[in-house]
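A short write-up of the structure that comes next.
The values are calculated or read from the model by the stated rules, or taken from the named source; none is laboratory data. Quantities reported herein were computed from a predicted structural model and do not represent experimental measurements. No Cβ is skipped: glycine too gets one built from the backbone with ideal geometry, and neighbour counts run over all protein chains shown. Remember, those area values only see protein heavy atoms, side chains included, never the ligands or the DNA or RNA. Shrake-Rupley method; radii C 1.70, N 1.55, O 1.52, S 1.80 Å.
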Amino acid sequence: MRIATWNVNSVNARLERVLEWFESAAPDVAVLQEIKCVDEKFPTEAFERLGYNVAVHGQKTYNGVAMLSKFPMEDVRKGLPFLHDDEVDEQARYIEAVIAAPTPFRMVGIYLPNGNPVDTEKFDYKLAWMRRLHAHAQGLLALEEPLAIAGDYNVIPEVEDVANPEAWVNDALFRLESRGAFRALKNLGLTDAYMQVDGAPGGYTFWDYQAGAWPRNLGIRIDHLLLSPQAADKLAGVVIHRDERDKEKPSDHVPVVAELNL
């Protein structure tokens, strides 16, 4: 079972490139972030022709997430639950479903807020969103089932996950508050798939479009797959498809694929 995450940075603007990758890599389940379109504008038929069931939680121009599965999806949830009933979140950043494979498992796709600039309400929103994710993940882990929480976390966990740490010290992605919240999430009992099977420095998943970041390999690792114990026990490998960054009109992120022996 191959599960994937990819921030495509506008699915319609890069549709040809994205479909080429899906035909080649053929993940069984994938979550996409930053699709940048409402549900009705998502190219559902193009993915259905490749054999995927499609669930979309979209938003005009910004954000948006989608889940594609070769198996039926059940109990689809769009939007991260709130800690209080009176809260409202207009940003489309969370999708969840039970994948009805021969061995069923729960797949979550997230697009965690960026949080910059750190001296604004955007950073407060990021940390509040992470608290909501922590609370919901705690409930999902109590189900004791195979679970993957995959996506663009917009968090650089450790110094080894960034080529030039000094350049990111005051960035929301590398602030101690963000890294601490990510560590607290893992401490619930989640395993960072890449760190379990590889963990070598330089496993970057994002290179900015500016300042020659890609040719200079000034990358960061911010796209993660966190697994419950029941999924981590079945983890066979993780591949970062960094070649996608070198193609024409690429996303600034690349796909990350985990293989589970489910």
* Could you work out which residue, out of 127, 188, 235, moves most in a Gaussian network model of the chain, that is, has the largest mean-square fluctuation with Cα springs under 10 Å? => 188
* Specify the residue with the greatest mean-square fluctuation among 58, 115, 151, computed from a Gaussian network of the chain linking alpha-carbon atoms under 10 Å apart. => 115
* To do: Name the lysines eligible as straight-distance cross-link partners of residue 234: C-alpha to C-alpha under 24 Å, and not fewer than 8 places from it in the same chain.
  => 70, 186
* Label residue 48 and residue 186 with points 7 Å out from Cα along Cα→Cβ: what is the distance between them in nm? -> 4.1 nm
* Asked: Say the cut-off is 19 Å between C-alpha atoms; which of 36/78; 36/249; 41/126 go over it?
  -> 41/126
* **GluC sites (Glu not before Pro) restricted to the stretch 44-133 and DSSP loop, no more than 10 other C-beta within 10 Å** => 87, 90
* Using only helices, what value at 222 nm comes out for the chain when you add -39,500 (n - 2.57) per DSSP H run of length 4 or more and divide by the total residues, to the nearest 500 deg cm²/dmol? -> -6500 deg cm²/dmol
* **In sequence order, calculated HN-Hα J values of the stretch 41-56 (Karplus, 6.51, -1.76, 1.60; Hz; x Gly/Pro)** => 8, 6, x, 4, 4, 4, 7, 5, 5, 8, x, 9, 7, 10, 10, 10
* Asked: Whose amide H sits under 5 Å from the amide H of residue 8, counting only residues 5 or more places off or on another chain, with H placed in the peptide plane?
  -> 33
* If you plug each phi of the stretch 172-186 into the Karplus form 6.51 cos²θ - 1.76 cosθ + 1.60 with θ = phi - 60°, what whole-Hz ³J(HN,Hα) values come out, in order, with x for Gly and Pro? -> 4, 5, 10, 5, 4, 5, 5, 5, x, 5, 5, 5, 5, 5, 4
* Structure fact -> Heavy-atom accessible area of the chain with neighbours in place, 1.4 angstrom probe: carbon+sulfur share in percent works out to 46 percent
* **the stretch 210-232 and the stretch 145-166: distance between their alpha carbon centers, rounded to Å** => 6 Å
* Probe 1.4 Å, protein heavy atoms only - accessible area per residue of the chain in square angstrom -> 44 Å²
* Normalised by the residues of the chain, what does the relative contact order come to in percent, with Cα pairs under 8 Å and at least six apart? -> 19 percent
* If the cut-off is 18 Å between C-alpha atoms, which aspartates and glutamates fall inside it for residue 247, apart from same-chain ones fewer than 8 positions away? -> 16, 20, 23, 208
* To do: Mind jotting down the distance between the C-alpha centroids of the stretch 1-21 and the stretch 39-55, whole Å?
  => 12 Å
* **Of 161, 246, 192, the one that fluctuates the most in a GNM where the chain has Cα springs shorter than 10 Å** => 246
